[in-house]
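Peer 1: Have a look at this one before I ask anything.
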Amino acid sequence: MRILAEIGVVLFVLLMLVLFPLAMGVLAQLSDMPPMLAVGITLAIIASIHLNRQDKDFVKLILQRPFLMFLMEYLVLILPIAGWLVYSRAAWALLALVVGVCVVAYVPVTVKFRKRERPLWRFPKGFTRNYEWISGWRKSAVWMVPTYLLGAALSGFTAAIPIALMVLGLITLDFYMDCEPRIFLELYSRNAKSFLRKKIIAHVGIFWLACLPLVFLFLIFYYEYWYVLLVVMFVVSVFPVLSITLKYASYQPNIRLTQNAFTMGLMVVFLCTPFTQPVPLVMTVIYYRRALKNLRKYM
Amino acid sequence: MLSIKNLHVAYGAKQVLQGLDFTANAGEITGIVGLNGSGKTTLLNTIYSEINPREGEISFDNQQIIPTSIAYLKTQNFFYQRITGAEYLDLFRMRHPNFNVEEWNAVFRLPLEKWVDSYSTGMKKKLAFMGILSLNRDVIILDEPFNGLDLETNETLKNILKILRSKQKTILVTSHILETLTTICDRIYYLNDGIMQHHFEAKDYHQLEALLTKFEYDDLDRLVEGLGGT
C-alpha cells in the first residue's frame, strides 16, 4: 500500500497494463522450456540468494531452527514455478525443485568476499566531480566488466552488443539512489539550472564514451542494422537523464532514495515496451521541472 | 554578527523553536547546550536554510543570511561508498584550489588513499571537518564536533577553533560534553522549550553546570537497586 501511495493510482494502472502482457509472455516462454531446465535455473537463483544473504548469524540468534524460516521464504518464492510445474504435470521436476530448495535452505554457508580498503587505480583528479560514477562503477564493476567483455566477445551474434548496452545502462540506474550532501551541489555549480544541465551532459557523455568501443564493434559487423543501435543508444541515454532528474526531483541531503527504485523500474519497463515509450519521456520533462524547483531550495 | 530574531520552527503541529532570539559575534565561539530533542540541530539546520522557519529573521552582518557564507559540520556526515578520503577532498579543491590537503593531513593523519567506508566515526568526522575548513567561510557551524574524536584530535580541534576565532570568524558549536564547550566558548546559550532560556558568559559557567546537574534524578540509587543482581 505504501508503494501504491508513492507511485499513484494512474501509474499503478499503467504498470498493471504493461506487466500483465509481460507476465503472459514469460509464461509462454516457459511453456517451451523443459521442466528440469526451469528447475535448474530456479535452484541456481535460490542458491545464489541463500549463499549471499548476510542475515544468517542474526537469524540464528533469534530462532532455534533458522533452516525452517529460510525454507518457508524460498517455498513462497518458488510458488509460481511450482504452480506451472503442477499445470504441466511435471511431478518429478516438482519433487526435484522442493528437495533442491530444502537442501539449499539447510546450507549454513555465507559467501563473504574479502573487502578491499583502497581502489586498484585512481580516477584523474578532475573526474571526482562525477562522484556517482566513481562510487557506482567501483560497486558494480564486478557486473559491468563481465557484461562489457561478454558483449565484445560475443559481438559475432547480432543481439550481443545491444543486450550488453542495455544491461550496462540498467546497472547505472543504481548510481543515482544516494543524495549527496548539500555542499556538493554548491561545489558543482552555483545555480540549479546549470547544475542539472552540466550533470546530465557530463553523465550521458561518460556513458557514451564508455560504450563507444562496443558501438564501433557493432557498426563494424552489422553496419546495416545501424538503426537498431540508434534505438538502443537512445533508450540507454534516456536512463541517466531520467535517473538524474528523478533523483533531484526528490532530493534531500544525505538520504538514500529507495522509493525511486520502484519508479525507475517502472519507467524502464515503459521504455522497453512498444507503444509506452513516450511515458518515460514525458515523465523526464515533468521530473526535470520538479528537480529545478526542488534544487532551488538548496542552491 | 549572526543575529536571530523571533524564530519559530515547527514539524507539522509540533513546535520546536518558539520565538527564539540570540546573537553570535564575529571573533567569538558561541556554544549551545540543551537536552536531547531540545531543537539544537533544528536550529542549526534552519540557519543553514535546510528548514524553512514559520516566522522569524536570520541575518548575518545585517543582511539576510545565505548558505554560501556558512560552513556546516553535521553530527552525521554522508559519504558515498567506495570514495577515498583524497577524492572527497578533491571535490572541495575544485572550488578552493589553495587548500593544501597534504599539509592539513599532517595534522589529522588520515589514510586518504583508503575508502571512507573503512574509516572510524572519528576519522569520518575529521575528514568532513577538513572539507568544511577548506571553504574558509565567515560563519562556521559545528554540530557535536567532538563526538567520536580521540583526546589528541579533541585538543587539535579546540586549537583550530581558537585560531579561527582570532581570524574573526563567527563560530557556533553544540556539544553534549559541557567541558569541551566551557574550555573554548566565549558564551554559552541554554536551549530549552524552544527558546534560549539562559545565556552564560565565561565567568558564569559554574552556574550552567549547576543548572544542568539539577536535572539528575534524586532517586537514581533506588532505581539501580531495583535492577536486582547477584
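The values are calculated or read from the model by the stated rules, or taken from the named source; none is laboratory data. None of these values were measured; they are calculated from a predicted model. Note that we place each Cβ from the backbone using ideal geometry, even for glycine, and neighbour counts take in every protein chain shown. Accessible surface is based on the protein model in full, side chains and every heavy atom, while ligands, DNA and RNA are left aside. Shrake-Rupley method; radii C 1.70, N 1.55, O 1.52, S 1.80 Å.
Peer 1: Give the long-range amide H neighbours of B:MET196: residues separated by 5 or more places, or on another chain, with amide H under 5 Å away, using H modelled in the peptide plane at 1.01 Å from N.
Peer 2: Placed amide hydrogens put B:ASP21 under 5 Å from B:MET196.
Peer 1: Among B:ILE140, B:ILE83, B:ILE58, which one shows the biggest mean-square fluctuation in a GNM of chain B, springs joining Cα atoms closer than 10 Å?
Peer 2: B:ILE83
Peer 1: Given H placed 1.01 Å from N in the peptide plane, which residues other than close sequence neighbours of B:ARG187 have an amide H under 5 Å from its amide H?
Peer 2: Hits under the 5 Å cutoff: B:ILE29, B:GLY31.
Peer 1: Over all residues in A:179-187, what is the mean tally of Cβ atoms on other chains that come within 10 Å of each residue's Cβ? Present the calculation step by step, with values, prior to reporting the outcome.
Peer 2: Numbers: counts 1, 4, 10, 7, 14, 6, 0, 4, 8.
Mean shielding count: 6.
Peer 1: So, with a 1.4 angstrom probe, what is the percent of accessible area on the protein assembly as shown that is carbon and sulfur? Before the final figure, lay out each step's value.
Peer 2: Details: 17820 of 28190 Å².
Looking at the protein assembly as shown in its full context, I get 63 percent from C and S.
Peer 1: Let's test the formula: R0 of 56 Å, r as the Cβ-Cβ distance of A:ILE163 and B:ASP138. What FRET efficiency results, to the nearest 0.05? Don't jump to the answer; show the numbers that get you there.
Peer 2: Values: r = 55 Å, r/R0 = 0.98.
E(calc), rounded to 0.05, equals 0.55.
Peer 1: Further question on the same structure: In percent, what relative contact order does the stretch A:32-116 have, based on Cα pairs under 8 Å that are 6 or more apart in sequence? Numbers along the way, then the final one.
Peer 2: On the way: 51 pairs, mean separation 41.2, N = 85.
Over the stretch A:32-116, the number comes to 48 percent.
Peer 1: To make sure I understand the rule: partners must be lysines, Cα under 29 Å from the Cα of B:LYS162, and not fewer than 8 residues away in the same chain. Which ones qualify?
Peer 2: Partners found: B:LYS5, B:LYS40, B:LYS74, B:LYS124, B:LYS125, B:LYS126, B:LYS203.
Peer 1: Same structure, new question: So which residue, out of B:GLU155, B:GLU57, B:GLU113, gets the largest mean-square fluctuation from a GNM of chain B using Cα contacts under 10 Å as springs?
Peer 2: Of B:GLU155, B:GLU57, B:GLU113, the most mobile in the Gaussian network model is B:GLU113.
Peer 1: Would you list, by chain and number, the aspartates and glutamates whose Cα falls below 16 Å from the Cα of A:LYS112, excluding same-chain residues fewer than 8 positions away?
Peer 2: The qualifying aspartates and glutamates are A:ASP55, A:ASP57.
Peer 1: If I take R0 = 30 Å and measure r between the Cβ atoms of B:GLU55 and A:ASN254 in this structure, what FRET efficiency does the formula 1/(1 + (r/R0)^6) give, to the nearest 0.05?
Peer 2: Numbers: r = 27 Å, r/R0 = 0.89.
Plugging the Cβ-Cβ distance into 1/(1 + (r/R0)^6) gives 0.65.
Peer 1: Output ³J(HN,Hα) for the stretch B:80-95: one whole-Hz value per residue in order, computed from phi by the Karplus curve 6.51 cos²θ - 1.76 cosθ + 1.60 with θ = phi - 60°, and x for Gly and Pro.
Peer 2: Computed from phi, the couplings for the stretch B:80-95 are 5, 5, 6, 10, 7, x, 5, 5, 4, 6, 4, 4, 6, 5, 4, 8 Hz.
Peer 1: Based on the alpha-carbon set only, what is the convex hull volume of chain B divided per residue, in Å³? Each step should come with its number before you reach the end.
Peer 2: Working: hull volume 39.7 nm³, N = 230.
Output value, Cα hull per residue: 173 Å³.
Peer 1: Between the stretch B:139-174 and the stretch A:38-101, how far is it from one alpha carbon centroid to the other, in angstrom?
Peer 2: Between the Cα centres of the stretch B:139-174 and the stretch A:38-101 lies a distance of 55 Å.
Peer 1: Continuing with the same structure: Read phi for every residue in the stretch A:107-118 and hand back ³J(HN,Hα) as whole Hz from Karplus 6.51 cos²θ - 1.76 cosθ + 1.60, θ = phi - 60°, with x for Gly and Pro.
Peer 2: 5, x, 9, 10, 7, 10, 8, 5, 7, 6, 9, 8
Peer 1: Here's another thing I want to ask about it. For peptide A:113-125, what's the mean number of Cβ atoms from other chains within 10 Å of each residue's Cβ? Spell out each step's value before the answer.
Peer 2: On the way: counts 0, 0, 3, 4, 8, 8, 7, 0, 0, 5, 3, 1, 5.
Mean inter-chain Cβ contacts per residue within 10 Å come to 3.
Peer 1: What does the accessible area of B:HIS96 come to, in Å² to the nearest 10, when a probe of 1.4 Å is used?
Peer 2: Counting only protein heavy atoms, the figure is 50 Å².
Peer 1: Moving to a separate point now. Taking 8 Å as the Cα distance limit and 6 or more residues as the minimum spacing, I'd like the relative contact order of the stretch A:127-295 as a percentage.
Peer 2: Values: 172 pairs, mean separation 45.1, N = 169.
In percent, rounded to a whole number, it is 27.
Peer 1: Report relative contact order for chain A in percent, whole number only (criteria: Cα-Cα under 8 Å, sequence separation at least 6).
Peer 2: Working: 241 pairs, mean separation 52.0, N = 299.
Across chain A, relative contact order equals 17 percent.
Peer 1: Using alpha carbon coordinates only, what is the Rg to Rh ratio of chain A, with Rh defined as the Kirkwood radius? Intermediate results must be reported in sequence, preceding the final value.
Peer 2: On the way: Rg = 22.1 Å, Rh = 22.2 Å.
Rounded to two decimals, Rg over Rh is 0.99.
Peer 1: About the Cα centre, and with charges only on the beta carbon of Lys, Arg (+1) and Asp, Glu (-1), how big is the dipole of chain B? Nearest 20 debye, please. Before the final figure, lay out each step's value.
Peer 2: Working: 23 positive and 29 negative charges, 148 e Å.
Dipole magnitude for chain B comes out near 700 debye.
Peer 1: Could you give each residue of the stretch B:147-161 its phi-based ³J(HN,Hα) in whole Hz, using Karplus coefficients 6.51, -1.76, 1.60 with θ = phi - 60°, and x for Gly or Pro?
Peer 2: 4, x, 7, 6, 4, 5, 5, 3, 5, 4, 4, 4, 5, 4, 4
Peer 1: To continue, here is another question. Determine the calculated [θ] at 222 nm for chain A from helices alone, applying -39500 (n - 2.57) to every DSSP H run no shorter than 4 residues and normalising by the residue count; nearest 500 deg cm²/dmol. Mind dumping the intermediate values first?
Peer 2: On the way: 14 runs with 222 residues, N = 299.
Roughly -24500 deg cm²/dmol at 222 nm, from the helical runs in chain A.
Peer 1: Using Stokes-Einstein with the Kirkwood hydrodynamic radius over Cα pairs, what translational diffusion coefficient do you get for the stretch A:127-295 at 20 °C and a viscosity of 1.002 mPa s, in µm²/s rounded to a whole number?
Peer 2: Working: Rh = 16.6 Å.
In µm²/s, the coefficient rounds to 129.
Peer 1: Let's see if you can work this out: charge +1 on each Lys and Arg Cβ, -1 on each Asp and Glu Cβ, no other charges. What is the dipole magnitude of the stretch A:32-116 about its Cα centre, in debye to the nearest 20?
Peer 2: With Lys and Arg at +1 and Asp and Glu at -1, about 480 debye.
Peer 1: Of B:VAL9, B:THR30, B:ILE47, which is farthest along the charge dipole of the stretch B:1-57 in the positive direction, counting Lys and Arg as +1 and Asp and Glu as -1 at C-beta?
Peer 2: Working it through, the farthest residue towards the positive pole turns out to be B:VAL9.
Peer 1: Next question, about the same structure. Please find, in a Gaussian network model of chain B (springs between Cα atoms separated by less than 10 Å), the residue of B:ALA202, B:ALA106, B:ALA128 whose mean-square fluctuation is greatest.
Peer 2: B:ALA106
Peer 1: If the convex hull of the alpha-carbon atoms of the protein assembly as shown is projected onto planes in all directions, what is the mean projected area in square nanometres?
Peer 2: On the way: hull surface 129.3 nm².
For the Cα atoms of the protein assembly as shown, the hull's average projected area reads 32.3 nm².
Peer 1: For the stretch A:105-170, evaluate the Debye formula with one uniform point scatterer on each Cα (no solvent term) and list log10 I(q)/I(0) at q = 0.24, 0.26 Å⁻¹, rounded to two decimals.
Peer 2: The Debye formula, applied to the Cα set alone, gives -1.02, -1.08.
Peer 1: Membrane-span-like helices in chain A: DSSP H runs reaching 20 Å or more (Cα, own axis), mean Kyte hydropathy at least 0.0?
Peer 2: A:9-31, A:35-52, A:91-106, A:131-153, A:192-221, A:226-249, A:258-272, A:278-296
Peer 1: Taking each residue in B:84-92, count the Cβ atoms of any other chain within 10 Å of its Cβ, then average. What number comes out?
Peer 2: Values: counts 8, 0, 3, 9, 3, 1, 9, 9, 4.
Partner-chain Cβ atoms within 10 Å, mean over residues of B:84-92: 5.
Peer 1: Okay, moving on. Taking A:LYS125 as the anchor, which lysines have their alpha carbon closer than 18 Å to its alpha carbon, excluding any fewer than eight residues away along the same chain?
Peer 2: A:LYS198, A:LYS199, B:LYS114
Peer 1: Sequence-distant or interchain residues sharing an amide H contact under 5 Å with B:ILE141, placed H: which?
Peer 2: The answer is B:ALA71, B:TYR72, B:LEU73, B:LEU172.
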